[in-house]
Amino acid sequence: MTEWRVRLEGHKFDLQALAAAFTSDDLNVTEQDGGYVLRAREFEALTDAGEVREKAEAIVQSLNGLGKTLLNGFERVAVGGVTLIESETVRHNYVTFSGNARIRSNMTAELYGGTDAPAAKPDLQMLFGLTHDPEVAKALRIFGSGDLDWRDLYVVFEVIEGDAGKAIREGDWASAAVIKNFKHTSNSVGALGDVARHGKESTQPPKNPMSLDDARSLVRNLLDRWLQWKHQSQGA
């Protein structure tokens, strides 16, 4: 039986975290031959390495989004080479290169406490099942794409708000004042200059603009709460 395997590129700590979280026959990350490979049941029907890579890119975008949402200190990984296993002795390697992975220094790795990988939440693989929803896939794709600016954060927020609606307020995911400040700051030319969502100030700038770090933390928390809420709603 043939099998497609996709090599993942990135820091070992992040790859270890994914391997700990994704262990099912449908989707798993395993350490192999000095690296980490992605296997997915969705690869089985594919016959072209380009198609496998395209599918793997979509999967990894969601993995990165989940990792950045649920794992402290997680940095995104990238798709590397694609291999078709025909037998124990026959392998076809399709080598590609990606500049998406960011390799961290030892100093940056201290986010994990020095040498330990982040502990994967047990529901990470379960939540991956939500990515069949285009809105979930979009939010995770954007959130896991790299350094998030105000526009990225606002789009993710709008996706969540459009789907969850009043559940944000009823579930106390964030206070109305904090969300109002996030929106006001995001749109304010006076507060953000050229990186604001709007090109013209339509109101007075916020008295206490939200920092970008706080905005990232807010949207991360909302994304986490939204994913948990959607999973619980589906299980109800």
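What to note about this one:
- Nearby lysines by direct alpha-carbon distance to LYS12 (threshold 24 angstrom, same-chain neighbours under 8 apart not counted): LYS55, LYS68, LYS121
- For region 12-30 and region 48-88, distance of Cα centres in Å: 10
- Site pair HIS132 and ASP48 shows an inter-label distance of 2.6 nm when each label is modelled 7 Å from Cα along Cα→Cβ.
- Residues whose amide H comes within less than 5 Å of that of PHE22, counting only those at least five positions distant or on another chain, are VAL29 (H built at 1.01 Å from N in the peptide plane).
- Of all accessible heavy-atom area on region 136-236, the percent that carbon and sulfur account for (1.4 Å): 47
- Interchain or long-range residues, amide H under 5 Å from MET210's placed H: THR185
- The residues of region 167-236 expose, per residue, 60 Å² of accessible area to a 1.4 Å probe.
- A simple packing score, the average count of other Cβ atoms within 10 Å per residue, orders the peptides 193-205, 133-145, 3-15 as 3-15, 133-145, 193-205, with the highest score first.
The values are calculated or read from the model by the stated rules, or taken from the named source; none is laboratory data. Please read all numbers here as calculations on a predicted model, not as lab measurements. Positions of Cβ are backbone-derived with ideal geometry, glycine not excepted, and every protein chain shown enters the neighbour counts. The area values use the complete protein model at the heavy-atom level, side chains included, leaving out ligands, DNA and RNA. Shrake-Rupley method; radii C 1.70, N 1.55, O 1.52, S 1.80 Å.
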